[in-house]
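Worksheet: one structure, shown below.
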């Protein structure tokens, strides 16, 4: 099992542009307890800039909780989660550094897609022109005036992505972004994420679709029952001719149904 | 801060929830005032305190809907999940809550002004149509809209604080409704000495219409401001401390 980066970020990494050097995201001994359940258990890993990292694990493994800890939505019981060397909450201009989509339906059903983006843009001082650009990027400009309740799941996924990209962030964190996308949408997303990383930016994407992950990511982090099972490059994990699926099922003990 | 406040006001404007609540409030004010003003026998509309009851519905409904709108500015975000992007874009949650408090006060004030204005206008017209001399003087007509605006502007943040504490939308809206329309009525009827210090009675006191049973207007305003500050502070502290749903 490849070990993860254990060096702590130095203050000089606080403003890294994500293209070189130190880790963009660092989880150190990160734990989160809900009553009797230890959802995240001493999790330590780091993400390098300019890479796409797949974040894998069975249902209930603690992936979403980990992402929520990284994004300051939940407070760790122990340990620390840092993005660009700081806690998310302490970032000066978070929308311009980190974009994230956690749920596919975080919209008011009676608000239009355009107004959803506008209310976020206004809060972060982002221009209206950028809102229209993002609507075009995700090909929602034709339906942007319609209430979100009329959108398909795929359209909602794309609207969430547009919101995450409003601030032109250096780090993108996506939880199951391919859910509800049609094959063309999945291919679009894959190309988009690759291009995003090739510009020196960083992606952390959780997914269940191992075949899709294998085509998209450079690095893998696998967790199970809140604990780190493996982290390293895709090539390292799949050496000796094993498939990602074989490695994943062996590590997560889920070979059968 | 000003960007966040603009965002909060934009949220109030960009769904049909608030216009629907606004229309519901208008309809209820009209219904209550007209039923009272037109259906009661004339001899039960003659005294000042009888006429106060006609106008009181404007204040009560304005305050109720201001509280509901304030509460929904947080419970609606929790219910629909927009609280997550909201706090991703503005992770300093205290600033978001401060903006919600101000926005809730502004939107509440509009609701209060309209509810009281319509109640006074339509109520006066109904009384005039019945041939009942109106006992209110110019001072009453000044204090009524001022009281309506002040009371509803404070009930917006009060509702927000309750919503931030309870978080569940249905539970919050039910609690506010039951408090104003059931529990406070029981208090006023059975324990009037304590009832007049309740937040709905304090709101009504600001209009100065019922000085025998209620506090003086300035005292009512101060007391209600205290309730609003306490609820908004408690709701903000809870939002800072707890994980985002």
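Taken over the range A:112-137, residues that are within 24 Å of residue A:83 (Cα to Cα) and either in contact with a strand residue (DSSP E or B) (Cβ under 8 Å, 6 or more places away or on another chain) or facing chain B (nearest Cβ under 7 Å) (or both) amount to 5.
Which of the residues spanning the range B:73-88 are buried (at least 24 other Cβ atoms within 10 Å of the Cβ) and within 11 Å of another protein chain (Cβ to nearest Cβ)? Even if it seems obvious, please write down each step before you answer.
Kept after step one, since they are buried (at least 24 other Cβ atoms within 10 Å of the Cβ), are these residues of the range B:73-88: B:73-75, B:77, B:85-86, B:88.
B:77, B:85, B:86, B:88, listed by residue number.
Could you check the range B:202-212 and list, in sequence order, the residues that are closer than 15 Å to residue B:61 by Cβ and part of a helix (DSSP H, G or I)? B:203, B:204, listed by residue number. Within the range B:232-245, residues that are within 13 Å of chain A (Cβ to nearest Cβ) and more than 19 Å from residue A:65 (Cβ to Cβ) reach partners that are modelled with pLDDT of 95 or more and exposed (fewer than 13 other Cβ atoms within 10 Å of the Cβ) with beta carbons closer than 7 Å, at six or more positions or on different chains, in the pairs B:240/B:94. Looking across A:227, A:191, A:201, one residue alone is under 28 Å from residue A:78 (Cβ atoms) and either out of contact with any strand residue (DSSP E or B) (no Cβ under 6 Å at 6 or more places or on another chain) or surrounded by fewer than 18 Cβ atoms within 10 Å (Cβ to Cβ) (or both). It is A:227.
Any idea which of B:42, B:110, B:63 is more than 13 Å from chain A (Cβ to nearest Cβ), farther than 30 Å from residue A:160 by Cβ and at pLDDT below 95?
Numbers: B:110 fails: at pLDDT below 95; B:63 fails: at pLDDT below 95.
Being more than 13 Å from chain A (Cβ to nearest Cβ), farther than 30 Å from residue A:160 by Cβ and at pLDDT below 95 holds for just one of B:42, B:110, B:63, which is B:42.
Name the residue that is nearest to the other protein chains (Cβ to nearest Cβ), counting only residues in the range B:22-39 that are exposed (fewer than 13 other Cβ atoms within 10 Å of the Cβ) and closer than 20 Å to residue B:109 by Cα. Residue satisfying both the conditions and the ranking: B:23. The strands (runs of 3 or more DSSP E) located wholly in the range A:40-111 that include 3 or more residues which are more than 10 Å from chain B (Cβ to nearest Cβ) occupy A:52-56, A:78-83.
Step by step: first the residues of the range A:138-173, then only those that are surrounded by fewer than 18 Cβ atoms within 10 Å (Cβ to Cβ) and assigned to a loop (DSSP other than H, G, I, E, B), then the one that is nearest to the other protein chains (Cβ to nearest Cβ). Which residue is that? Of everything passing the filter in the range A:138-173, A:145 is nearest to the other protein chains (Cβ to nearest Cβ). Restricting attention to the range B:1-21, the residues that are under 20 Å from residue B:97 (Cβ atoms), more than 7 Å from every other protein chain (Cβ to nearest Cβ) and in a helix (DSSP H, G or I) total 7. Can we say residue A:159 is at pLDDT 95 or above, more than 25 Å from residue A:86 (Cα to Cα) and in contact with a helix residue (DSSP H, G or I) (Cβ under 7 Å, 6 or more places away or on another chain)? For residue A:159, the condition - at pLDDT 95 or above, more than 25 Å from residue A:86 (Cα to Cα) and in contact with a helix residue (DSSP H, G or I) (Cβ under 7 Å, 6 or more places away or on another chain) - is met. Condition (residue is touching a helix residue (DSSP H, G or I) at 6+ places or on another chain (Cβ under 9 Å) and without any contact (Cβ under 8 Å) to a residue 12 or more places away in the chain) applied to the range B:61-68: is it met by at least one residue? No, the range B:61-68 contains no residue that is touching a helix residue (DSSP H, G or I) at 6+ places or on another chain (Cβ under 9 Å) and without any contact (Cβ under 8 Å) to a residue 12 or more places away in the chain.
The values are calculated or read from the model by the stated rules, or taken from the named source; none is laboratory data. Computed from a predicted structure; not experimentally measured. Neighbour counts are summed over all protein chains in view; Cβ atoms, including those assigned to glycine, are modelled from backbone coordinates with ideal geometry.
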